[in-house]
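The values are calculated or read from the model by the stated rules, or taken from the named source; none is laboratory data. Bear in mind the structure is a predicted one, so any value in this text is a computation, not a measurement. Please note: Cβ atoms are built from the backbone with ideal geometry, for glycine as well, and neighbour counts cover all protein chains shown.
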Amino acid sequence: MTFKIVVIGTSLGGLSALKIVLENLPADFPVPIAIVQHRHKESDNTLKQFLQEHSLLPIQEVEDKDEILPSHVYLAPADYHLLVEQGYFALSTDEPVSYARPSIDVLFESAADIYGEQVIAVILTGANQDGKQGLIKVKARGGLTIVQKPATAESSIMPEAAISAVAVDWILSLSDIAAQMVKLCHSIRK
């Protein structure tokens, strides 16, 4: 079986963490990646510009109804929830979840609803518990879960909350996460 999407959630310290993950992915990484990075609702496109400097994959901020394409990285826009639909993204201005919009839980749960066991969900550094419920749902639907080792996180609250909530498949140092993603997405899952 092949994976349809990798979803990544991060908050405090996420810029450095995302830089490390993205710069270690090859240009032929076959699976689309959707990212929620908590940020201020007035944020501009500097996040996209910064991350693009460290990635061989094209990065774009999602617009409503954007098609989900392989080998692309998609960022949730500031102040919008990012949802996965069958083959495309949707944006929502529903109330914040875990005090956040975009919310990691919203992205993860929608990906699990649509693609089930074909989802890989990754939780990186962060200072709240957003992502915990989404990770539970990804795991319940048969998807795979990766969490940054709390000791390597700028803020360990989010990874610790995820680890305490669900039997995570891999707890990895930041430097090992991209390699695990490549291994999973370049091999046939039994």
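The C-beta contact set for region 69-83 (first residue free of Cβ contacts under 8 Å to residues at least 40 places away in the same chain and surrounded by fewer than 24 Cβ atoms within 10 Å (Cβ to Cβ), second residue outside any loop (DSSP other than H, G, I, E, B) and among the acidic types (D, E), distance under 7 angstrom, 6+ apart or interchain) comprises P77/E61.
Identify the residue in region 1-44 that is touching a Pro at 6+ places or on another chain (Cβ under 9 Å) and of a type in the set (S, T, N, Q) and, among all such residues, is nearest to L69 (Cα to Cα). Checked region 1-44; the qualifying residue nearest to L69 (Cα to Cα) is T2.
Of the numbered criteria (1) farther than 23 Å from L83 by Cβ; (2) aliphatic (A, V, I, L, M); (3) within 15 Å of the chain's Cα centre (by Cα), the one A179 fails is (3). When restricted to residues that are in contact (Cβ under 8 Å) with a residue 60 or more places away in the chain and among the polar types (S, T, N, Q), region 132-190 contains 3.
Counting only helices (runs of 4 or more DSSP H) that fall entirely inside region 94-190 and contain at least 3 residues that are more than 20 Å from G13 (Cα to Cα) and either polar (S, T, N, Q) or touching a Ser or Thr at 6+ places or on another chain (Cβ under 7 Å) (or both), the qualifying elements are 132-140.
Considering region 1-25, the residues that are among the polar types (S, T, N, Q) and out of contact with any Gly (no Cβ under 6 Å at 6 or more places or on another chain) include one that is modelled with the lowest pLDDT, namely T2.
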